[in-house]
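Beneath this line is the structure, given in structure tokens, with notes to follow.
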Amino acid sequence: MQTIPGLACPACRGDLRPDSETGLGCTACQRSYPVFEDIPSFIPSPVPDRSTLCQLTVLVPALNEAANLQELLPSIRRELQSLGIDHELLVVDGGSTDGTADVVARHDVVLLPQAMPGYGGALRTGFERARGEFVLTLDADGSHDPTFLRQMWAARSAADVVIASRYVPGGTADMPRSRRLLSRILNLVFGRGLSLPYADLSSGYRLYRRRALESLSLRGTDFNILEEILIRAVAAGFTVQEVPFHYRARRAGKTHARLASFAVSYLKTFGAMWKLRNSIASADYDSRAYDSIVPLQRYWQRRRYAVITRLAGGAKRVLDVGCGSSRIIGSGRLVGLDIVLGKLRYARRYENPLVHGSIFELPFKDASFDCVICSEVIEHVPADERVFSELERVLEPGGKLILGTPDYDRWRWRALEWVYGKVSPGGYADEHITHYGRENLAAYLRARGMTIQSVDYVGGSEMIFSLRTSPSRERPPATLPVTAGLRNAR
Ligand SMILES: Nc1nc2c(ncn2[C@@H]2O[C@H](COP(=O)(O)OP(=O)(O)OP(=O)(O)O)[C@@H](O)[C@H]2O)c(=O)[nH]1
Ligand SMILES: [Mg+2]
Ligand SMILES: [Zn+2]
């Protein structure tokens, strides 16, 4: 973990020190906090961690594949043994009637009956049972050469999801022409339509970091669970990498893929997937907005970026509260904090120190920063004094606060929000629960002892205050309640 200056226990502000290999402990109150992928987390995690019992779980979904499994299972075993990988091998059975169960038993492999129907149901059953640090999925029909496992395993540290890909340079597919064409078209449409920059979205030969899989709540039961996994993984800020792979035709047995009905089911779920991909909960939302093909969105992100980086210029220790995945945090000397772990995971690429925490209880010591940025956050949380007192507390006296939020006094913003709410229900419009207006907010901030240096606008409707906190250590008691800053307050 990078050292993060000023980091402290959010509960008592005591010092933190590494405790065990995966966490931090408070030296004062003894609370302990996990560190996820280099990101210290001060938000209680909803998913209890399932313990890991081996390095790799190999998951083979099978429906009437007895003949194929007869060859496949021993070769998977051989491959794993030659690589020295400590593993468990699971076959998830979809109710086969061809003696699949006998073959599985003969090879001393665990047979799991699936709890939900379909290929997707089979994977989900397997994922729930997996106890490896990594999970590898491959088909039972001989299409997925088990000796390729070596290359997959070698790429395990490169990304959270590794795809054996037919369509990257070097990859090939032995498939009938018509089938290949349809597969490529589906991949292109989905790749473009859902902004997933990968060539093979429907390859079932994949290696996952189990922690990543566990945090996605999957719903699909069909083959398109493969796309669903990718979308949810990307939305949660996980990384994906493709390795070129040679796909063979199935050895024996009958296909379970019905191409025409597939295309229909894909199109049916496209809408839902599109929504998922473009929700503001998506880890890369802010980052993608910067390069959006929608001119207004692109303008907005870029203008916001320009104003904030100009105002923060010259500061030495900057905290960005609610940093999201915006590239603002890529601009140096900056600690990013957000409540959404997925956005931080995505933001790791900017190489700033990151913290998973809440604006209500900032995990920093008093006066740790000379500049704090808080843009597009306060409209998402209730009007609460703690928000402002926390921002002030971590600033040194006389430090700079860059505070941005929509100006609900302006009809322009209200009109824009109305239109946005119509075009994209469930988007930002519904997420803004606290509406500040410029005059009232300014009065409230002054009552807290702050000086307003300037107010910039984005799109004539989002206001960005540049403020100085009171230079004296003794802050005057606030003479106005926080609700005085709201648009409708008088
Ligand atoms: N447990 C389980 N496995 C399934 C189910 N449907 C398909 N499979 C398995 O999933 C893998 C992929 O299915 P395939 O029928 O090979 O689909 P495909 O690769 O798209 O098509 P072809 O290889 O051309 O037949 C195979 O190992 C199947 O046995 C299911 O409902 N339950
Ligand atoms: Mg197959
Ligand atoms: Zn503590």
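Against the numbered list (1) within 16 Å of ligand 2 (Cβ to nearest atom); (2) over 18 Å from the mean Cα position of the chain (by Cα), ILE225 comes up short only at (2).
Taking the conditions (1) surrounded by fewer than 19 Cβ atoms within 10 Å (Cβ to Cβ); (2) more than 28 Å from the chain's Cα centre (by Cα) in turn, PHE465 satisfies each one other than (1). Taking (1) in contact with a strand residue (DSSP E or B) (Cβ under 9 Å, 6 or more places away or on another chain); (2) among the aliphatic types (A, V, I, L, M); (3) within 26 Å of GLN114 (Cβ to Cβ); (4) modelled with pLDDT of 95 or more in turn, LEU16 satisfies each apart from (3).
Considering (1) in contact with a Gly (Cβ under 7 Å, 6 or more places away or on another chain); (2) of a type in the set (S, T, N, Q); (3) touching a residue at least 60 places away in the same chain (Cβ under 8 Å); (4) away from ligand 2 (no atom under 16 Å from the Cβ), the lone condition that ASN68 does not fulfil carries the number (4). Checking ALA263, ALA235 one by one, the residue that is surrounded by fewer than 23 Cβ atoms within 10 Å (Cβ to Cβ), away from ligand 2 (no atom under 16 Å from the Cβ) and farther than 30 Å from GLU133 by Cα is ALA263 and no other.
Screening LEU59 on (1) more than 16 Å from ligand 1 (Cβ to nearest atom); (2) surrounded by 14 or more Cβ atoms within 10 Å (Cβ to Cβ); (3) aliphatic (A, V, I, L, M) shows it passes everything except condition (1).
When each of GLY126, GLY118, GLY132 is tested for being more than 16 Å from ligand 3 (Cβ to nearest atom) and at positive phi, the lone residue that passes is GLY118.
When THR52 is tested against (1) assigned to a strand (DSSP E or B); (2) under 23 Å from the mean Cα position of the chain (by Cα), only condition (1) is not met.
Of all the residues in region 326-351, those that are modelled with pLDDT under 85 and in contact with a Ser or Thr (Cβ under 8 Å, 6 or more places away or on another chain) number 4.
For the criterion of being more than 16 Å from ligand 1 (Cβ to nearest atom), in contact with a Leu (Cβ under 9 Å, 6 or more places away or on another chain) and among the hydrophobic types (A, V, I, L, M, F, W, C), LEU7 passes. Only one entry in ILE43, ILE4, ILE85 is farther than 30 Å from ALA257 by Cα, in a loop (DSSP other than H, G, I, E, B) and assigned by TED's automatic domain parsing to the domain that holds LEU149, namely ILE85. Looking at ALA154, ALA115, can you tell me which residue is over 24 Å from TYR346 (Cβ atoms), in contact with a helix residue (DSSP H, G or I) (Cβ under 7 Å, 6 or more places away or on another chain), among the small types (Gly, Ala, Ser) and without any contact (Cβ under 8 Å) to a residue 24 or more places away in the chain? Every option except ALA115 fails the conditions.
Hey, any hits in region 138-158 for a residue that's closer than 29 Å to LYS275 by Cβ and crowded, with 17+ Cβ neighbours inside 10 Å? Scanning region 138-158, I find no residue that is closer than 29 Å to LYS275 by Cβ and crowded, with 17+ Cβ neighbours inside 10 Å, so the answer is no. Per the listing PRO61, PRO10, PRO44, the residue uniquely touching a strand residue (DSSP E or B) at 6+ places or on another chain (Cβ under 6 Å), within 16 Å of ligand 3 (Cβ to nearest atom) and not hydroxyl-bearing (Ser, Thr, Tyr) is PRO10. If you go through region 20-40 and pick out every residue that is part of a strand (DSSP E or B), surrounded by 15 or more Cβ atoms within 10 Å (Cβ to Cβ) and in contact with a Gly (Cβ under 9 Å, 6 or more places away or on another chain), you end up with 5. Against the list (1) in contact with a strand residue (DSSP E or B) (Cβ under 7 Å, 6 or more places away or on another chain); (2) under 16 Å from VAL321 (Cα atoms); (3) surrounded by fewer than 21 Cβ atoms within 10 Å (Cβ to Cβ), the condition GLU361 fails is (1). For region 162-180, the criterion of a residue being β-branched (Val, Ile, Thr), more than 23 Å from the chain's Cα centre (by Cα) and buried (at least 22 other Cβ atoms within 10 Å of the Cβ) is satisfied by no position.
Look at (1) at pLDDT below 95; (2) crowded, with 19+ Cβ neighbours inside 10 Å; (3) small (Gly, Ala, Ser) and you find that GLY427 fails only one, number (2).
Counting only helices (runs of 4 or more DSSP H) that sit completely within region 96-200, those holding 3 or more residues that are closer than 22 Å to ARG78 by Cβ and more than 15 Å from ligand 1 (Cβ to nearest atom) correspond to 100-106, 149-154. Hey, among the residues in region 193-214 that are at pLDDT below 90 and surrounded by fewer than 18 Cβ atoms within 10 Å (Cβ to Cβ), which one's farthest from ALA281 (Cα to Cα)? Per the stated criteria, the residue is GLY193.
Is it the case that some residue within region 91-110 is at positive phi, away from ligand 3 (no atom under 16 Å from the Cβ) and crowded, with 19+ Cβ neighbours inside 10 Å? No; the residues of region 91-110 include none that is at positive phi, away from ligand 3 (no atom under 16 Å from the Cβ) and crowded, with 19+ Cβ neighbours inside 10 Å.
The values are calculated or read from the model by the stated rules, or taken from the named source; none is laboratory data. Everything numeric here is computed off the predicted structure, so don't read it as measured data. Backbone-built Cβ (ideal geometry, glycine too); neighbour counts: all protein chains shown.
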